[in-house]
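Undergrad: Input: one structure, supplied below.
The values are calculated or read from the model by the stated rules, or taken from the named source; none is laboratory data. Since this is a predicted model, take the numbers as computed values, not measurements. Here the Cβ is made from the backbone with ideal geometry for all residues, glycine too, and neighbour counts use every protein chain on show.
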Amino acid sequence: MQAEHANAIQSNPGDHPRKPSRANRTQRQLGVAEHPGRNRVRRLAELAHTLLREAETLASDKAFTEASNKLRTLNISEGVDFYDEVKSFEINLIKLALQRTGRNQAAAARLLHINPTTLNFKIKLYGIEY
């Protein structure tokens, strides 16, 4: 700010130096560069992307919570079809991994720590549409 004050004195020797406007100080504090429109659009895009990822995380957390609540409501005394429960769990887990990876099977397989061909087999076996 002192450099601007000195420049103002040199450029207008007879005039009183002017303080930078409040808007200029705010832009400098926020780090807005020469092209504020582009920076704002880029920042908005980044914020939108962050919000979208957070919404996806919340949705998947909700799905996980619902699935775990379902497990708590199982009546073990009446018996449980183990294979149906495992199938349901695998389907939900595969869908969640595909959702998190933008439907990329290779990335979903890495996320699940399984071979991509195994993931592809299970997708076809269970008829998972994504």
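Undergrad: Contact list please: Cβ distance under 8 Å, first residue in segment 40-63 and at negative phi, second residue aliphatic (A, V, I, L, M) and at pLDDT 75 or above, pairs at least six apart or on different chains.
TA: What qualifies is Ser60/Leu96; Ala63/Leu96.
Undergrad: Same structure, new question: In segment 94-130, what residues are hydroxyl-bearing (Ser, Thr, Tyr) and closer than 18 Å to Glu56 by Cα? Before the answer, list the steps.
TA: Narrowing segment 94-130 to residues hydroxyl-bearing (Ser, Thr, Tyr): 101, 117-118, 126, 130.
Of everything in segment 94-130, those that are hydroxyl-bearing (Ser, Thr, Tyr) and closer than 18 Å to Glu56 by Cα turn out to be Thr101, Tyr130.
Undergrad: Still on this structure: If I ask for residues that are among the charged types (D, E, K, R) and in contact with a helix residue (DSSP H, G or I) (Cβ under 8 Å, 6 or more places away or on another chain), which ones from segment 49-66 would you list?
TA: From segment 49-66, those among the charged types (D, E, K, R) are 53-54, 56, 61-62, 66; that's our starting set.
Selection gives Glu56 alone.
Undergrad: Working only within segment 94-108, note down all residues that are touching a helix residue (DSSP H, G or I) at 6+ places or on another chain (Cβ under 7 Å), surrounded by 15 or more Cβ atoms within 10 Å (Cβ to Cβ) and farther than 10 Å from Ile123 by Cβ. Please lay out each step first, then the result.
TA: Our first condition is that a residue be touching a helix residue (DSSP H, G or I) at 6+ places or on another chain (Cβ under 7 Å); within segment 94-108, this holds for 94, 96-101, 105-106, 108.
Of the ones still in play, those that are also surrounded by 15 or more Cβ atoms within 10 Å (Cβ to Cβ) are 94, 96-101, 105, 108.
Once the filter is applied, which keeps residues that are touching a helix residue (DSSP H, G or I) at 6+ places or on another chain (Cβ under 7 Å), surrounded by 15 or more Cβ atoms within 10 Å (Cβ to Cβ) and farther than 10 Å from Ile123 by Cβ, segment 94-108 yields Leu96, Ala97, Gln99, Arg100, Thr101.
Undergrad: So, Leu125, is that one among the hydrophobic types (A, V, I, L, M, F, W, C), within 29 Å of Leu52 (Cβ to Cβ), assigned to a helix (DSSP H, G or I) and free of Cβ contacts under 8 Å to residues at least 24 places away in the same chain or not?
TA: Values: among the hydrophobic types (A, V, I, L, M, F, W, C): yes; within 29 Å of Leu52 (Cβ to Cβ): no; assigned to a helix (DSSP H, G or I): yes; free of Cβ contacts under 8 Å to residues at least 24 places away in the same chain: yes.
Criteria not met by Leu125.
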